Amino acid sequence: MLLADVVTASAAVAATRSRTAKATAIAELLRRAGADEVGPVTAWLAGEVRQGRIGVGWRSLSRLAGRPADAPSLTVAAVDRALTELAATTGPGSAARRDAAVTGLLSATTADEQQFLVRLLTGELRQGALEGVVLEAVATAAEVPAANVRRAFMLSGRLPETAALALTGGVEALDGVRLEVGRPVRPMLASPGSSLDAALTDLGTDVTVEFKLDGARIQVHRDGDVVRVWTRTLREVTDGVPELVDRVRALPCETAVLDGETLALDDDGRPRAFQDTMSRFGSDATEEGVLLSPFFFDLLHLDGRDLLDEPLSVRLDALAGLLAGDEHAALRMPGVRSPAPEQAAVVLDDALTAGHEGVVVKALDAAYAAGRRGKSWQKVKPVHTLDLVVLGAEWGYGRRSGKLSNIHLGARDPDGGEPVMVGKTFKGMTDQLLDWQTRTFPELAREQPDWGVLLRPELVVEIAVDGAQRSPRYPGGLALRFARVLRYRPDKNPAEADTIDAVRVLLAGS
């Protein structure tokens with residue numbers, strides 16, 4: 001298969017807003033792909049490369065992209081091999097070797113292929129083929145149930161490998177994927193709830209109401225004395241969090257997979273700034289004086305028994321048994337099971353009094369739906385917050401002259417298109433944040449008009465809002481009310497930003 005075939009399919013996907021049409025176009029391409037081509041083709045159409053970071057940025061690609069070839073000749077396999085070699089090019093003189101390799105690759109591409117590769121390698125390939133669409137396409141191409149594909153992906157966390165299994169081995173191969181201690185699964189996510197009363201009305205009384213911490217999501221695996229820790233994006237951070245490793249290693253079990261959150265607390269037990277917690281997950285090792293405390297709210301495996309398909313009530317019973325005893329009780333996320341409405345309100349009040357964000361209401365009969373933001377978990381915060389994509393920024397004026405200030409905010413298109421602009425804000429920004437934006441944004445710019453910068457959709461920022469209102473000013477037909485910056489979210493990527501539908505919920509409630 002030629003790279004040109006993938007580029008053509010990508011263009012067809014980008015040209016339609018129909019989810020079914022997108023999945024059909026991808027499925028047709030996957031049916032034609034050879035066994036060794038399915039993995040890279042699947043990854044590329046999801047906007048990723050199998051090799052991860054390859055050490056070549058936007059500026060280098062723009063500089064090295066020379067005159068395009070007249071006719072397509074590159075195969076999928078050849079491009080995938082070139083990317084593998086690029087990712088493995090390290091050490092002294094590696095920059096020059098990477099430049100030479102990139103030049104050789106791009107010189108063999110046509111204009112359309114060159115544009116596709118540059119956008120792919122810089123994370124800017126926004127063709128509307130999000131993971132959900134690609135998974136549907138894989139199921140269609142392999143003629144297998146979509147549920148089997150989603151489950152295998154949930155347990156493996158690897159989209160290209162899941163596609164290869166489906167197309168080469170069918171249902172039997174997919175069903176052979178099991179939870180493995182030491183291999184992270186995609187975390188289950190909570191949907192925004194409009195209020196505590198609404199969440200309780202929606203889910204009923206057979207629920208648990210737990211604290212919603214202002215921390216970082218963690219998944220911890222233990223196999224004997226080996227303990228490993230991953231973030232919500234499945235990035236391993238074990239070496240940087242030895243205190244979490246020690247706490248889990250002390251538990252009375254041989255194997256376990258725990259889901260929870262961690263955060264830094266001050267001497268009074270109140271949460272420190274979110275940035276203090278996230279400082280422990282950077283490229284540099286531990287920041288002196290910042291210790292993380294874990295709080296676990298789910299148990300997916302215990303001593304040879306997988307619990308993913310068990311209802312939450314069973315998983316919580318197993319977690320309570322594992323964390324029994326005074327020495328481990330502090331590891332349990334605070335909450336109340338099957339509360340009366342007034343008891344649930346007390347949990348919310350206690351969480352806010354302790355300095356946390358709110359609560360999560362969870363249906364006790366729900367299995368663990370990894371990687372999905374279903375209605376069986378609903379997070380309730382008194383202040384409406386949204387995780388949005390930064391699309392651009394304008395130069396400030398007055399005391400903010402010379403600083404990139406007013407940021408453009410976009411909500412995720414659930415059908416996989418470009419983020420939908422829903423407003424702007426310059427409120428809530430400290431001088432330090434303004435300096436950071438001014439330094440950082442030009443490096444992420446795809447255009448730099450006189451008024452500011454237009455950014456590649458890579459940064460996620462958490463915004464507090466008072467609601468939303470109808471407005472013809474923005475493409476989504478609505479605008480945020482009194483938006484203000486709370487913080488940037490380096491632990492989230494644009495695919496995890498809130499959708500335009502989540503903003504419309506605020507419109508209904510404002």
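The values are calculated or read from the model by the stated rules, or taken from the named source; none is laboratory data. Not measured: the values here are computed from a predicted model. For neighbour counting, all protein chains shown are included, and Cβ atoms are generated from backbone atoms with ideal geometry for every residue, glycine included. Just the protein is used for accessible areas: all its heavy atoms, side chains included, with ligands, DNA and RNA removed. Shrake-Rupley method; radii C 1.70, N 1.55, O 1.52, S 1.80 Å.
Please go through the stretch 184-196 and give me each residue that is assigned to a loop (DSSP other than H, G, I, E, B) and in contact with a helix residue (DSSP H, G or I) (Cβ under 7 Å, 6 or more places away or on another chain), ordered by number.
Val185, Arg186, Gly193, Ser194
Among the residues of the stretch 112-158, which ones are over 21 Å from Val76 (Cα atoms), open to solvent by 20 Å² or more (accessible area, probe 1.4 Å) and out of contact with any Leu (no Cβ under 7 Å at 6 or more places or on another chain)?
Gly132, Glu136, Thr140, Glu143, Pro145, Ala147, Arg151
Filter the stretch 443-459 for residues that are assigned to a loop (DSSP other than H, G, I, E, B) and open to solvent by less than 40 Å² (accessible area, probe 1.4 Å) and give the result.
Pro449, Arg456, Pro457, Leu459 - these are the residues of the stretch 443-459 that are assigned to a loop (DSSP other than H, G, I, E, B) and open to solvent by less than 40 Å² (accessible area, probe 1.4 Å).
Going by the structure shown, is Ala411 part of a strand (DSSP E or B) and either open to solvent by 10 Å² or more (accessible area, probe 1.4 Å) or over 30 Å from Pro187 (Cβ atoms) (or both)?
no
Please work out which one of (1) in contact with a His (Cβ under 8 Å, 6 or more places away or on another chain); (2) among the β-branched types (Val, Ile, Thr); (3) more than 17 Å from Glu462 (Cβ to Cβ) is the condition Val420 fails and give its number.
(1)
For the stretch 86-95, name all the residues that are polar (S, T, N, Q) and in a helix (DSSP H, G or I).
Ser94
Give the residue, chosen from Arg98, Arg50, that is open to solvent by 20 Å² or more (accessible area, probe 1.4 Å), part of a loop (DSSP other than H, G, I, E, B) and either free of Cβ contacts under 8 Å to residues at least 12 places away in the same chain or of a type in the set (Lys, Arg) (or both).
Arg50
Give me a count of the residues in the stretch 392-408 that are out of contact with any Asp or Glu (no Cβ under 9 Å at 6 or more places or on another chain), part of a strand (DSSP E or B) and open to solvent by 30 Å² or more (accessible area, probe 1.4 Å).
2
Condition first: within 28 Å of Lys424 (Cα to Cα) and either out of contact with any helix residue (DSSP H, G or I) (no Cβ under 7 Å at 6 or more places or on another chain) or of a type outside the set (S, T, N, Q) (or both). Can you find one or more residues in the stretch 369-378 that meet it?
Checked the stretch 369-378: at least one residue is within 28 Å of Lys424 (Cα to Cα) and either out of contact with any helix residue (DSSP H, G or I) (no Cβ under 7 Å at 6 or more places or on another chain) or of a type outside the set (S, T, N, Q) (or both).
For the stretch 224-239, check the following and say yes or no: at least one residue is β-branched (Val, Ile, Thr), without any contact (Cβ under 8 Å) to a residue 24 or more places away in the chain, surrounded by 16 or more Cβ atoms within 10 Å (Cβ to Cβ) and out of contact with any Pro (no Cβ under 6 Å at 6 or more places or on another chain).
Yes.
What pairs can you find where one residue is in the stretch 295-320 and under 17 Å from Arg183 (Cβ atoms) and among the small types (Gly, Ala, Ser), the other is modelled with pLDDT of 95 or more and assigned to a loop (DSSP other than H, G, I, E, B), and their Cβ atoms are less than 9 Å apart, with a gap of 6+ or different chains?
Taking only residues 6 or more apart or on different chains, the pairs are Gly304/Glu254.
It is to be established whether one or more residues within the stretch 58-76 are surrounded by fewer than 16 Cβ atoms within 10 Å (Cβ to Cβ), in a helix (DSSP H, G or I), β-branched (Val, Ile, Thr) and modelled with pLDDT of 85 or more.
No, the stretch 58-76 has no match at all.
Suppose we filter Val220, Val181 for residues that are of a type outside the set (S, T, N, Q) and in a loop (DSSP other than H, G, I, E, B); which single one remains?
Checking each option against the conditions leaves just Val181.
Look at Met429 and say whether it is open to solvent by less than 60 Å² (accessible area, probe 1.4 Å), farther than 30 Å from Val314 by Cβ, part of a strand (DSSP E or B) and not polar (S, T, N, Q).
No: the conditions fail for Met429.
Check whether at least one residue in the stretch 423-436 is of a type outside the set (Lys, Arg) and touching a helix residue (DSSP H, G or I) at 6+ places or on another chain (Cβ under 6 Å), and report yes or no.
Checking the stretch 423-436: not a single residue is of a type outside the set (Lys, Arg) and touching a helix residue (DSSP H, G or I) at 6+ places or on another chain (Cβ under 6 Å).
Being open to solvent by less than 30 Å² (accessible area, probe 1.4 Å) and of a type in the set (Val, Ile, Thr) is true for just one of Thr84, Thr109. Which residue is that?
Only one candidate passes the filter, namely Thr109.
Is there any pair linking a residue in the stretch 366-395 that is under 30 Å from Gln437 (Cα atoms) and aliphatic (A, V, I, L, M) to one that is open to solvent by 30 Å² or more (accessible area, probe 1.4 Å) and part of a loop (DSSP other than H, G, I, E, B), with Cβ under 6 Å and at least six apart or on different chains, and which?
Partner pairs satisfying both residue conditions: Val390/Leu459.
Of all residues in the stretch 1-44, which are farther than 19 Å from Glu143 by Cβ and β-branched (Val, Ile, Thr)?
Val6, Val7, Thr8, Val13, Thr16 - these are the residues of the stretch 1-44 that are farther than 19 Å from Glu143 by Cβ and β-branched (Val, Ile, Thr).
Quick check on my filter: what residues within the stretch 467-510 are open to solvent by less than 40 Å² (accessible area, probe 1.4 Å), part of a strand (DSSP E or B) and at pLDDT below 90?
Those that are open to solvent by less than 40 Å² (accessible area, probe 1.4 Å), part of a strand (DSSP E or B) and at pLDDT below 90: Gly467, Ala468.
Which one is surrounded by the most Cβ atoms within 10 Å (Cβ to Cβ), of the residues in the stretch 165-197 that are of a type in the set (Gly, Ala, Ser) and without any contact (Cβ under 8 Å) to a residue 60 or more places away in the chain?
It comes out as Ala166.
With farther than 30 Å from Pro419 by Cα and over 22 Å from the mean Cα position of the chain (by Cα) as the only criterion, which of Ala330, Ala393, Ala367 stands out?
Within the list Ala330, Ala393, Ala367, the selection yields Ala330.
Which one of these is of a type in the set (Val, Ile, Thr) and modelled with pLDDT of 90 or more: Thr103, Thr168, Thr122, Thr89?
Only one candidate qualifies: Thr168.
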